[in-house]
Structures are given as structure tokens and as C-alpha cells.
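Participant: Pasting in a structure now, in C-alpha cells, and then I'll have a few things to ask.
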Amino acid sequence: MRPGVAWRHGDSRAAVPSRPGPGAGEAAPRVLSLGAVGPVAALEGFLAQVLQRRGNHSTFRLLKVSTDERPDLAARFAVDAIPTLMVVDGSRVSGRLALPRGCEQIETFLAPWLR
């Protein structure tokens, strides 16, 4: 998380991206789902539904990160709520959604990148 921004269980606020999608010649943004096995499985199910419904399977490169296996990445990205969904565009975190509550919230969060 960014310094000075407190995220609590049940907080549905999301950091909004400043620049949507890749431009010409750029790689697709990566979507990272960070968390423990159970919560990430539910998150990935919601994410798959959003991408299927909007026909966006190739929009993102999807990566699953177990915070149990890679606590260093959780620390590097300052993840303090599990699960967390992040969009990494180039080398920059362009968006972050902590504790997503379903397809509608994920679709709203990813809207700047979706077709």
C-alpha cells in the first residue's frame, strides 16, 4: 500500500489508474492476484468471469502470487490485505484493489483497460 493510506478489512476503495492500457508496441499490463490459496481461488474465479463476459482474455497477462510462498513480493508491493488485485503496467503499479467483493467491483476496477 502507499504510505499514509490505511486499508482495513471490508474497505472497498481502490487506487485508480492514471493511464489505461498499453500503447503501440507496449506489452500487455500484468494483473497480479496476491494472497493465500483459498481467497485467491475465489478472486480468480471472479476475475475469469469478468474477462470472459467482456472478451478480454488477451488484455492482461495474469499472474498468481501466493503470499505464503512469496512474502518478499507481498512486502515489496506493501500488501496488507488478502486478497489483493493489482495491475502492473511496465514497471509501475497502475491500480490496486484490496479485498474485492465480486465481479461487479472487479469489472469497475479494471474498466480503464477493458474493451
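Participant: I want to confirm something. Restricting to segment 46-72 and keeping residues that are assigned to a loop (DSSP other than H, G, I, E, B) and of a type in the set (V, I, T), which single residue is farthest from R115 (Cα to Cα)?
Facilitator: By that ranking, first place goes to T67.
Participant: Turning to a different aspect of this structure: From the list R13, R19, which residue is within 13 Å of the chain's Cα centre (by Cα) and either of a type in the set (A, V, I, L, M, F, W, C) or modelled with pLDDT under 90 (or both)?
Facilitator: R13
Participant: Being under 16 Å from L114 (Cβ atoms) and of a type in the set (S, T, N, Q) is the filter here; which residues of segment 73-104 pass it?
Facilitator: Across segment 73-104, the qualifying residue is only S94.
Participant: While we're on this one: Of the conditions (1) outside any loop (DSSP other than H, G, I, E, B); (2) at pLDDT 90 or above; (3) more than 11 Å from the chain's Cα centre (by Cα), L34 clears all except one; give me its number.
Facilitator: (3)
Participant: Look through segment 72-88, keep the residues that are crowded, with 21+ Cβ neighbours inside 10 Å and touching a residue at least 60 places away in the same chain (Cβ under 8 Å), and return whichever of them is farthest from N56 (Cα to Cα).
Facilitator: Among those that are crowded, with 21+ Cβ neighbours inside 10 Å and touching a residue at least 60 places away in the same chain (Cβ under 8 Å), it is V79.
Participant: In this structure, does R70 turn out to be among the basic types (K, R) and at pLDDT below 90?
Facilitator: no
The values are calculated or read from the model by the stated rules, or taken from the named source; none is laboratory data. As the structure is a computational prediction, the values presented were derived from the model and not from experiment. When we count neighbours, we look across all protein chains shown, and the Cβ atoms used for this are built from the backbone with ideal geometry, even at glycine.
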